[in-house]
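Here is the structure we will look at, set down as structure tokens.
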């Protein structure tokens, strides 16, 4: 069992780190396209309408490409996140209170401090305050990618710690989306989604080990959730939590699904998401644009808030709760990893799109500037701390 968990973590880190490279490339292509003679082509592409008709017009779903990606493709990403969360809670780094204490405390601090910094900067702007959760997320693909690039300078225990913090961050982001970015609810559609979840539980209790039936029911749940007012991506989490962890014969349907899905998400879903969401025109952008409250709140939240929150909460856990630093790591290395938690690309952009949906276009631009700028600075500063720590050793 221990060997299987270690193998799973290693494969996860490898796929996530290379996925981070593709994610960065897709974001770079989007930025170049948005600031080139092909900018109109890029905008037409991401806003291209797509329509699905079911039952001869009984159900019509008409959305632009960017919304299809954010509502449907990202449901696959959230499905994978749900699988990872369940595995970690059942047999991984979060399976015992002692193991989970340090990353859990670090994640809570790392979500609270950036949110407070953002709120303080945007106080008085009711629309701007909608984005308070944007800097609270950590992008595991980018952050692990930086650690892998640094190689042996970083103890393996810090990679495991960062993975656990990011997974708890994802769980927090899921709860935030469910409770704070849901407006009008349709009780009828929620009831339909609830019936679908009950069917998933029945499949689990009946020891159905094939993943296919869960996915088929999940598609129906996704439709109900889409029409309910809750963001449709949460359907992916509900399906994932019902996938059996063990088949009783030494195999794991959950781990098999996770392994099969990782390449599609890391090399397909997330790069496409980055391409359609990261494009921002720098035309008219000045130094003053970077000091806009939304941009500044996100940037400072990711760089300073994450570092202070994760490091401060961890120090308190070590000092007063009996937790230990990850094995083989010193405080300077640990600080570097805490700073890397400020890389918030994927989930931050996603929450930003939810927070300012239907608002002035300038908010979307400010979100992208804050997320891209803050994540880049966090990556560079965190890497610098880790390089300095390795030279000191």
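Bear in mind that the values in this text are calculations on the coordinates, not laboratory data. Bear in mind that the values here come from a model prediction, so they are computed numbers and not experimental data. Cβ coordinates were reconstructed from backbone atoms using ideal geometry, including for glycine residues, and neighbour counts include every protein chain displayed.
Laid out as a table, the results:
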read-out: Residue of 87, 53, 153 that the Gaussian network model of the chain assigns the largest fluctuation, springs spanning Cα pairs under 10 Å; value: 53
read-out: Segment residue 116-residue 45, extension gain: residue separation times 0.36 nm, minus the distance between their alpha carbons; value: 21.9 nm
read-out: Sites residue 179 and residue 205 - FRET efficiency at Förster radius 30 Å, r taken between beta-carbons, to 0.05; value: 0.60
read-out: Segment residue 220-residue 96, extension gain: residue separation times 0.36 nm, minus the distance between their alpha carbons; value: 41.2 nm
read-out: Pair-distance profile P(r), taking every C-alpha pair of segment 159-210, with 10 angstrom steps and integer %; value: 20, 25, 36, 18, 1
read-out: Residue-averaged [θ]222 nm for the chain, counting only DSSP H segments that reach four residues, each worth -39500 (n - 2.57); value: -22500 deg cm²/dmol
read-out: FRET E, pair residue 62, residue 289, Förster distance 30 Å, beta-carbon r, rounded to 0.05; value: 0.35
read-out: Which of 259, 231 has the fewest Cβ neighbours within 10 Å, and the rest in rising order; value: 259, 231
read-out: Neighbour-count ranking [beta-carbon atoms within 10 angstrom, fewest first] of 306, 388; value: 388, 306
read-out: Protection-proxy order for peptides 246-254, 112-120, 63-71, 161-169, each taking the mean of Cβ atoms within 10 Å per residue, highest first; value: 161-169, 112-120, 63-71, 246-254
read-out: For segment 60-134, diffusion coefficient by Stokes-Einstein and Kirkwood Rh (Cα), 20 °C, 1.002 mPa s, µm²/s; value: 138 µm²/s
read-out: FRET efficiency, residue 149 to residue 188 (Cβ-Cβ, R0 45 Å, nearest 0.05); value: 0.35
read-out: Cα pair count fraction exceeding 22 Å, expressed as % - segment 241-320; value: 63 percent
read-out: Virtual paramagnetic centre 7 Å along Cα→Cβ of residue 54, amide N under 19 Å, in segment 182-212; value: 186-201, 212
